[in-house]
There are 2 protein chains.
Amino acid sequence: MARQDRKRPATLRTIAESAGVDVSTVSRVLNGAPEDVARAASRETVDAIREWAVRLDYRPNPHAKSLRTARSNLIGVLVPRLSDVVLATIYEGVEDAAARHGLATFVMNSYDRPAEQRARTELALSRRVDGLVFGDAHSDGTFLDEIAARRVPFVLVSRHAGDHPSVTCDDYRGGGLVAEHFLQLGHERVGVIAGEPFASTGLDRMAGFVDHYREAGIDVPAVHSAFDTTGGHKAAENLLRQRPRPTAIFAVNDFAAIGALGAVRDAGLRPGEDVAVAGFNDTPLAAELPLPLTSVRSPMHEMGTRALELLVSVLGGQKPASERFDPELVVRASTLPGA
Amino acid sequence: MARQDRKRPATLRTIAESAGVDVSTVSRVLNGAPEDVARAASRETVDAIREWAVRLDYRPNPHAKSLRTARSNLIGVLVPRLSDVVLATIYEGVEDAAARHGLATFVMNSYDRPAEQRARTELALSRRVDGLVFGDAHSDGTFLDEIAARRVPFVLVSRHAGDHPSVTCDDYRGGGLVAEHFLQLGHERVGVIAGEPFASTGLDRMAGFVDHYREAGIDVPAVHSAFDTTGGHKAAENLLRQRPRPTAIFAVNDFAAIGALGAVRDAGLRPGEDVAVAGFNDTPLAAELPLPLTSVRSPMHEMGTRALELLVSVLGGQKPASERFDPELVVRASTLPGA
DNA sequence: CGCTACTGCCCAATCGTTTGGGACAATCGT
DNA sequence: ACGATTGTCCCAAACGATTGGGCAGTAGCG
């Protein structure tokens, strides 16, 4: 009988003693591949062991397993900020996929600060993660190169950098879509709120937008900003000060766009009528805003799941190609004066 | 010399061999309390060991440590949805505090579904967490009682249930604040969007509001809804169908409030002028909305950190008292027709 | 000088798994 | 009938850390 039915959780040994076999046999039966199992014990022994395992409510001790196998099945995820719904959604995708692969994940905020990125990464490493997902890659800087040089398996998500494997949205194309839309509406005097200068998302979206306009022979002023409402607000104020005033503003992120709407209103102008505003990511809020926001939809959840899967293949020793998802323009009242 | 300078990470043994002492000595020096250290080795040995530790870039193997000590220093956190900025912010607080206490955390979504709550909790337990933080407590149901009966250390955050230790906002008072505000503005015909019927947050906020109005001799219709924009939108449509029509709506959550703003607009009414709308949580967006939203501020981040600290004291064998934070009304244009 | 009390270490067991290598019988092929 | 094969298991050594209990040598004490 099990020595300790109540006190401590069942171990391989408890089962082994109950079933009258060796712990190695139990281990092979409970965890081996089907063929291993067959080789490890007879039909009846296998059944008996399995029965005892459920009866004793056996759960393998992950620490023991990790210690022995030198694999933690743990993935660290770094994001600028979890309270940014975009990153939270991407993380949900990562976590979903990880669960399906039997991996555990944990997130940490880096606040887009290089020092924190380093510190958090070291922390993750000291927790012996098998790999990392960076949602906060900076396109400048050498941090990721150093990590790669140390042979740490990782992938990027949302932002890309260097030629490290990444899963992103085709941000350049997304910016182009907005430009196309604006041009169709006849906007010739426009501005773009470009986000942080180190994030490929903002940079690409801006570039796609600007390039498209340039093809139409129009130069577009861009101003960088934080990715939040306050950042967007301030940036929009700047743009609105220009003369002649822009009739449309593209913010590379929904929150910045909301801030821009606020700035337009504060300037005594009617958002959507006097100044069209478009955002990016098609956050759940965009559709429900008092003035519904035109935005570019990016598959955030899916990007997260694909990133995790890419990481799995990296862990498998492969060197997978980066992936880029197609964005989709969702037109709403904030760019439709007539509506 | 270390047998393997490059290949594998340094262990106590590597250091022991380098310094010419036993691993037990190294262990005591590196991890013991100051007095232990003094008893374990001479001044010079201690220095030598410490020196080797940094030189070899030693990081304790958490799996070995957890296996031996039967303590994982891991905390599981359950939330309805991480892409809800309220919960994400609370989690950030939890994570911050955990880091300060040398604990690691990981989050999981339960989507407020009992089956997921159970499954995720079991998962956390099988990962051998030291304790849990539930951000998704249901006030009905017996799940938490069962967990408590199993002696699993946990605390609740954001919502309370039964008399399990919890860290919440004084939601009842928060609801009262809004009622007070509405009454001062002269609203006699009002409605409340109450959120999910199993969440103490919504229930308390509604109760505080309704009770306050009842004291003024006015009955308030309440309608439950999901905590998101769509839920708020639908609920507001219902309320707006009533005759006479309410002149003010209290949504127990900012997202529901935003949905309500949308519904008001869709009904051909002017939000803030024809129908005042107030929310709850004072999400960063509230202030930046085209029509800034009156909301009740709750200290989300702080609630998270306090919850973790409460859990720490539970882990220390104590039975701490629940904590309730004071909310604060932030009045903005959505309830100020003249503004 | 004999006894105790430190000081400064080391030994060895233990946590729960995994895994290479046998051991011992029964069965098979020839 | 004899060696080879196969089916069933067991042994024992890790993985890296913690921790109770030694055991020398030196110092202090009467």
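Bear in mind these aren't lab numbers, they're just calculated from the coordinates by the rules spelled out. Given the structure is predicted, the values throughout are model-derived calculations rather than measurements. Virtual Cβ from ideal backbone geometry, glycine too; neighbours counted across all protein chains shown.
So, in the range B:6-21, of the ones that are polar (S, T, N, Q) and within 11 Å of DNA strand D (Cβ to nearest atom), which residue ends up farthest from the other protein chains (Cβ to nearest Cβ)? Taking the candidates together, the pick is B:THR14. The requirement of being of a type in the set (Gly, Ala, Ser) and surrounded by fewer than 19 Cβ atoms within 10 Å (Cβ to Cβ) is satisfied by B:ALA148.
The residues on offer are B:ALA260, B:ALA216, B:ALA235, B:ALA287, and the sole one that is away from every other protein chain (no Cβ under 12 Å) and either in contact (Cβ under 8 Å) with a residue 60 or more places away in the chain or surrounded by fewer than 24 Cβ atoms within 10 Å (Cβ to Cβ) (or both) is B:ALA216. Only residues that are over 41 Å from the mean Cα position of the chain (by Cα) and near DNA strand C (Cβ under 7 Å from one of its atoms) were counted across the range A:14-32, and they come to 1. Restricting attention to the range A:94-103, the residues being surrounded by fewer than 23 Cβ atoms within 10 Å (Cβ to Cβ) and facing chain B (nearest Cβ under 10 Å) number 2.
Run A:PRO60 past the list (1) part of a helix (DSSP H, G or I); (2) within 16 Å of DNA strand C (Cβ to nearest atom) and report the number of the one that doesn't hold. Every condition holds for A:PRO60 apart from (1). In this structure, does B:SER295 turn out to be more than 11 Å from every other protein chain (Cβ to nearest Cβ), of a type outside the set (A, V, I, L, M, F, W, C) and touching a strand residue (DSSP E or B) at 6+ places or on another chain (Cβ under 8 Å)? The answer is yes for B:SER295.
Would you tally the residues in the range B:43-75 being more than 10 Å from chain A (Cβ to nearest Cβ) and buried (at least 23 other Cβ atoms within 10 Å of the Cβ)? Total satisfying the criteria: 2.
State whether the residues of the range B:317-325 include one that is touching a strand residue (DSSP E or B) at 6+ places or on another chain (Cβ under 7 Å), in contact (Cβ under 8 Å) with a residue 24 or more places away in the chain and within 14 Å of chain A (Cβ to nearest Cβ).
No, the range B:317-325 contains no residue that is touching a strand residue (DSSP E or B) at 6+ places or on another chain (Cβ under 7 Å), in contact (Cβ under 8 Å) with a residue 24 or more places away in the chain and within 14 Å of chain A (Cβ to nearest Cβ).
Taking the stated definitions as given, is A:ALA88 of a type outside the set (Ser, Thr, Tyr), surrounded by 18 or more Cβ atoms within 10 Å (Cβ to Cβ) and under 30 Å from B:THR105 (Cβ atoms)? Spelling it out, A:ALA88 is indeed of a type outside the set (Ser, Thr, Tyr), surrounded by 18 or more Cβ atoms within 10 Å (Cβ to Cβ) and under 30 Å from B:THR105 (Cβ atoms). Of everything in the range B:27-42 that is closer than 19 Å to B:PRO62 by Cα and more than 8 Å from DNA strand D (Cβ to nearest atom), the residue that is farthest from the other protein chains (Cβ to nearest Cβ) is B:ALA33.
Of the residues that sit in the range A:153-173 and are in contact with a helix residue (DSSP H, G or I) (Cβ under 7 Å, 6 or more places away or on another chain), touching a residue at least 24 places away in the same chain (Cβ under 8 Å) and part of a loop (DSSP other than H, G, I, E, B), which one is surrounded by the most Cβ atoms within 10 Å (Cβ to Cβ)? The residue in question is A:SER158.
Give the residue, chosen from A:SER83, A:SER24, that is of a type in the set (Ser, Thr, Tyr) and within 10 Å of DNA strand D (Cβ to nearest atom).
Among A:SER83, A:SER24, only A:SER24 is of a type in the set (Ser, Thr, Tyr) and within 10 Å of DNA strand D (Cβ to nearest atom).
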